[in-house]
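Engineer: Have a look at this one.
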Amino acid sequence: MKTFKGGIHPPEEKQLVKDNPIVDFPLSSRYHVLVQQHLGAPAKPVVKAGDEVKKGQVLSEPLGFVSVPVHAPTSGRVREIGRIVHPVTGLLAPCIVIDADGREEWAHGLPLERDPFAMSREELMDAIKAAGVVGMGGATFPTHVKLSPPKDKTIDTFIVNGAECEPYLSSDHRLMLEQPERVLKGTGVIMKVLGLDRATIAIEANKPDALRLMREKAPAEIRVEALKVKYPQGAEKQLINALTGREVPSGGLPMDVGAVVQNAGTCAAVWDACARGIPLIERITSVTGRGIMQPKNIRVRVGTPLREVIDFCGGLNSVAKIIFGGPMMGIAQFTQDIAIMKGTSGVLVLREEDTNITAYSACISCGRCVEACPMGLIPSVLSKLGEKGMHQKAVENNLLDCVECGSCTYVCPANRPIVHFVKHLKALSRAAGAKK
Amino acid sequence: MISSILLLGGIGFLAALVLGISAVTFAVKMDPREQEVLDQLPGANCGACGYAGCAAFAHEITVNPEAEMACPAVNEKALEAISAVLGRSLGGSAPLIACIRCKGAPAETTNRYGYIGPKDCRAAQIVAGGPKGCQYGCLGLGTCEEVCPFEAIIMGEDGLPRVIESLCTGCGKCVSACPRGIIQLIPRTGNYWVGCVSKDTAKEMKPLCKVGCIKCGICGDVCPFDAITVSKTASAEIDQDKCQRCGLCVSACPTGVISALSVPRKVHIIAEKCKGCSICEQVCPAEAISGKVKEPYLVNEGKCIGCGLCIEKCPSDAIERIIS
């Protein structure tokens with residue numbers, strides 16, 4: 001079975017939620033829509049307190065090409081442009097607070113009925129951009145940017161990422177099982193945008209039902225590939241390497257080897273944007289972990305308060321850590337006063353006994369991290385440089401190629417927070433670069 | 001025995017010969033003043049001048065007659081010595097000192113979560129913006145202490161860094177290292193600073209910190225020199241150029257968030273210039289000036305608060321500020 005070199009195999013823990021069908025999260029009374037939910041240039045609110053908004057209406061306009069708008073998750077009134085803790089930075093960030101009126105009125109003309117395959121490439125790109133579609137796997141990079149490679153790069157491979165290699169999470173799995181048409185049709189639209197006549201959907205072998213269903217439904221030009229169950233199989237560069245044997249050069253992007261990778265959820269969002277003009281205002285999220293009473297897969301609107309999501313899933317059992325995303329790359333939260341965002345692929349609640357919150361000790365140079373690193377780096381050296389803040393030396397040791405997957409930290413017997421050191425070094429290196 | 005002595009002696013002689021010849025042929029010509037300048041520089045290689053280190057800067061300032069004194073850490077005595085060596089007068093910048101703009105010691109503030117990662121404020125800042133409840137306050141992990149090349153910052157027992165005024169040279173290393181941007185360089189002339197940079201409103205801040213700036217604006221109202229700007233969404237800011245060091249804001253601040261350097265600030269009347277007009281006596285809010293009309297007036301240093309009101313009003317420029 002296809003795979004890459006390195007990586008780890010943590011307990012999958014998907015049984016908690018993988019067989020639970022997606023349930024619709026009921027309408028909330030208030031939404032907190034963060035203005036910045038993507039990687040890249042900021043966006044600016046275009047509504048003000050007191051404005052009436054309709055479902056799907058634009059709330060912010062992007063400032064720059066690598067930026068996307070956000071949209072109203074339902075109809076109602078803008079209460080204020082307030083501040084709420086951003087789940088990624090942990091700092092207060094501007095958000096648009098909307099009081100729902102319960103009427104669920106769509107913005108004028110929505111949803112549309114149109115045939116994306118009759119639209120031109122430019123029209124499709126505009127539709128994707130206007131809908132605010134970002135990478136739904138968690139990185140939230142604007143999709144339209146990824147679909148516009150520079151002229152000198154030829155794209156010959158398009159991979160739909162259905163690997164979902166993060167333990168616990170099952171949102172992509174459920175999406176592929178319950179709404180395969182959205183994924184497949186969205187794949188078709190992206191193929192058209194990229195000018196390709198074939199694509200590959202990659203799914204880890206621990207989802208045999210999804211593999212079977214996708215193979216059954218997929219048209220001839222879309223190939224469905226099973227991948228070995230290994231983390232981080234769903235990381236862009238590892239996925240390309242497993243399927244095509246190509247290696248993204250150091251410091252390069254997938255487009256340097258002619259590949260584009262999109263998450264299965266992103267494909268579904270692209271389909272909604274192009275066929276129906278529906279912006280990205282909701283997503284499928286796995287609420288799981290042993291710290292939540294009733295793990296569920298929910299279809300939830302962007303901006304829904306986390307507290308309500310937790311209540312909907314039966315409340316907390318016992319909690320040591322709440323993580324947005326998976327246990328490997330997700331971001332731990334310190335408060336429940338936050339809101340679901342476009343990149344929230346999962347809400348993971350861990351109990352004390354599911355975590356390992358202990359102090360770290362000195363590196364014993366055992367080399368397990370070197371074995372685990374899917375990028376072929378030497379994490380032990382990076383972690384030691386991190387302790388000293390020696391970012392220049394770390395860059396010489398290919399610091400910037402680290403994808404922060406956390407495999408090294410997972411296997412480290414000394415509990416060293418290696419990814420934390422790497423992030424620290426990257427920040428130092430960026431700051432030194434900005435100073436020059 | 002003899003042969004060993006001869007052999008070793010011979011090797012020694014040969015080595016000495018090689019070293020001697022290379023010392024002459026490969027000698028690096030160096031302006032002797034360069035070494036003298038270097039001896040006067042602080043030698044911490046902190047890089048605040050913009051050069052690779054003290055030696056690189058000493059070279060530049062010696063060979064380039066246009067070069068300005070870029071070392072912020074050099075003291076007045078050394079500056080004079082360097083000027084003498086180079087034979088041109090170098091105007092050093094006004095001496096600066098670092099001040100810590102946060103008074104939120106752990107006892108006064110809350111934490112958002114327990115942090116067990118690397119002991120470096122910059123690393124802690126990456127984790128959800130740092131463990132401290134206030135997202136603007138000092139994280140207290142001692143990165144400024146770590147980077148200070150002059151050992152002028154120590155972490156106090158209260159968990160906040162403290163600047164040792166006599167050791168700080170104002171090089172600014174700590175300023176760029178602090179991820180919260182709470183260290184500021186202010187003139188050494190004994191200025192005041194607001195020990196808070198929070199942009200939270202008083203209501204937002206109250207549950208997080210007991211000692212921060214509550215944006216009440218009293219300091220701005222009492223300042224006779226209009227040197228303090230206050231807004232609802234930023235801590236009070238003292239304009240160091242306008243501040244006359246009167247200290248009225250310190251006593252007016254309800255949370256005690258305004259601090260001062262410990263150098264006493266006083267005024268002195270130059271007897272030769274004083275015409276004995278008594279204006280200074282009249283404007284002095286501290287009743288620190290006394291004297292007889294038409295005779296030189298005297299300042300009672302114990303009472304003087306150094307507000308400088310007399311300096312402004314003196315018609316004969318007879319009053320100067322002193323740092324005693």
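Engineer: Would you mind computing, in nm to one decimal, how far apart the modelled labels at B:Ile279 and A:Glu181 are, each placed 7 Å from Cα along Cα→Cβ?
Structural biologist: The two pseudo-label positions are separated by 9.1 nm.
Engineer: Can you give the direction-averaged projected area of the convex hull of the alpha-carbon atoms in region A:267-421, in nm²?
Structural biologist: 11.3
Engineer: Above 15 angstrom, tally the Cα pairs of region B:236-324 and express them as a % of all pairs, no decimals.
Structural biologist: 59
Engineer: Continuing with the same structure: Could you tell me the calculated FRET efficiency between B:Val63 and A:Leu92, based on Cβ-Cβ distance and R0 = 51 angstrom, to the nearest 0.05?
Structural biologist: 0.50
Engineer: On to the next question. Shielding of A:84-92 by partners, i.e. mean partner chain Cβ atoms within 10 Å per residue?
Structural biologist: Across A:84-92, the average partner-chain Cβ count within 10 Å equals 4.
Engineer: Counting only other chains, what is the mean number of Cβ atoms within 10 angstrom of the Cβ of each residue in peptide B:171-179?
Structural biologist: Taking the mean over all residues of the peptide, I get 1.
Engineer: Could you tell me which of the pairs A:Lys153/A:Lys185; A:Lys44/B:Lys215; A:Lys18/A:Lys207 are separated by over 18 angstrom between their Cα atoms in the structure shown?
Structural biologist: A:Lys153/A:Lys185; A:Lys44/B:Lys215
Engineer: If you average the alpha carbon positions of region B:102-141 and of region B:251-305, how far apart do those two centres end up, in angstrom?
Structural biologist: Answer, in whole Å: 42.
Engineer: Using per-residue counts of other Cβ atoms within 10 Å, averaged over each peptide, order A:392-404, A:164-176, A:132-144, A:87-99 from highest down.
Structural biologist: A:164-176, A:132-144, A:87-99, A:392-404
Engineer: Rounded, prolate or oblate: which fits chain A, taking a ≥ b ≥ c as square roots of the Cα gyration tensor eigenvalues, rounded meaning a/c under 1.5, else prolate when a/b beats b/c?
Structural biologist: Since a/c stays below 1.5, the shape of chain A is classed as rounded.
Engineer: Right, something else. Provide the per residue accessible area, probe 1.4 Å, for chain B, rounded to a whole number of square angstrom.
Structural biologist: On a per-residue basis, 53 Å².
Engineer: Amide H of A:Val53 versus every other amide H placed in the peptide plane: which residues, excluding those fewer than 5 positions away on the same chain, fall under 5 Å?
Structural biologist: A:Gly76, A:Arg77, A:Val78
Engineer: Shifting gears a bit: Tell me, what HN-Hα J-couplings in whole Hz come from the Karplus equation 6.51 cos²θ - 1.76 cosθ + 1.60 at θ = phi - 60° for each residue of region B:40-52, using x for Gly and Pro?
Structural biologist: My calculation for region B:40-52 gives 7, 6, x, x, 8, 6, 6, x, 5, 6, x, 9, 5 Hz in order.
Engineer: Between B:Ala52 and B:Glu80, what length in nm is gained on full extension when 0.36 nm per residue of separation is reduced by their alpha carbon distance?
Structural biologist: 7.8 nm
Engineer: Straight-line reach only, C-alpha to C-alpha below 17 angstrom: list the lysines that A:Lys426 could link to, leaving out same-chain residues fewer than 8 apart.
Structural biologist: A:Lys384, A:Lys388, A:Lys393, A:Lys435, A:Lys436, B:Lys119
Engineer: Under the definition of partner shielding as Cβ atoms of other protein chains within 10 Å of a residue Cβ, what is the mean value for peptide A:424-432?
Structural biologist: Mean partner-chain Cβ count within 10 Å for A:424-432: 3.
Engineer: Here's a follow-up. Between chains A and B, what is the buried accessible area in Å², counting both sides, with a 1.4 Å probe and ligands, DNA and RNA left out, to the nearest 100?
Structural biologist: Result for this pair: about 1500 Å² buried.
Engineer: Could you please state how large a percent of the accessible area of region B:96-260 is carbon and sulfur, counting protein chains only and using a 1.4 Å probe?
Structural biologist: 54
Engineer: Still on this structure, I have one more. So, in nm, how far is label A:Asp197 from label B:Asp241 when the simple model puts each one 7 Å beyond its Cα toward the Cβ?
Structural biologist: Roughly 7.0 nm, to one decimal.
Engineer: From zero up to wherever the largest Cα-Cα distance of chain B sits, split into 20 Å bins and tell me the percent of pairs in each.
Structural biologist: 25, 43, 23, 7, 2
Engineer: Also, I was wondering about something else. Between A:Asn415 and B:Val28, what is the FRET efficiency for a Förster distance of 56 Å, r being their Cβ-Cβ separation, to the nearest 0.05?
Structural biologist: Using R0 = 56 Å, I get an efficiency of 0.65.
Engineer: With the solvent-accessible surface defined on protein heavy atoms using a 1.4 Å probe, which residues belonging to region B:135-159 display a reduction of at least 30 Å² in accessible area in the multichain context relative to the isolated chain?
Structural biologist: The answer is B:Gln135 - residues whose exposure falls by at least 30 Å² when every protein chain is included.
Engineer: Could you give me the ³J(HN,Hα) list for region A:106-122, computed from phi with Karplus coefficients 6.51, -1.76, 1.60 and θ = phi - 60°, whole Hz, x at Gly and Pro?
Structural biologist: Residue by residue, region A:106-122 yields 6, 4, 3, x, 8, x, 7, 10, 8, 9, x, 6, 9, 8, 7, 4, 5 Hz.
Engineer: Next question. Which ³J(HN,Hα) values in Hz, rounded to whole numbers, follow from the phi angles of region B:81-89 under the Karplus curve 6.51 cos²θ - 1.76 cosθ + 1.60, where θ = phi - 60° and Gly and Pro get x?
Structural biologist: 4, 5, 4, 5, 4, 8, x, 9, 7
Engineer: Enter the per residue convex hull volume of the protein assembly as shown, computed from alpha-carbon coordinates, in Å³ rounded to the nearest integer.
Structural biologist: Given the Cα convex hull of the protein assembly as shown, per-residue volume reads 253 Å³.
Engineer: Right, something else. Over all alpha-carbon pairs in region B:31-93, figure out the percentage whose distance exceeds 14 Å.
Structural biologist: Cα-Cα pairs in region B:31-93 separated by more than 14 Å: 46 percent.
Engineer: Let's test the formula: R0 of 35 Å, r as the Cβ-Cβ distance of A:Arg212 and A:Gln294. What FRET efficiency results, to the nearest 0.05?
Structural biologist: Working from the Cβ atoms, E equals 0.80.
Engineer: Along its three principal axes, how long is region A:238-298 when you only count alpha carbons? Whole Å, largest extent first please.
Structural biologist: 44, 36, 20
The values are calculated or read from the model by the stated rules, or taken from the named source; none is laboratory data. Quantities reported herein were computed from a predicted structural model and do not represent experimental measurements. A quick note on method: Cβ atoms are made from the backbone with ideal geometry, for glycine too, and the neighbour counts reach across all protein chains shown. Just the protein is used for accessible areas: all its heavy atoms, side chains included, with ligands, DNA and RNA removed. Shrake-Rupley method; radii C 1.70, N 1.55, O 1.52, S 1.80 Å.
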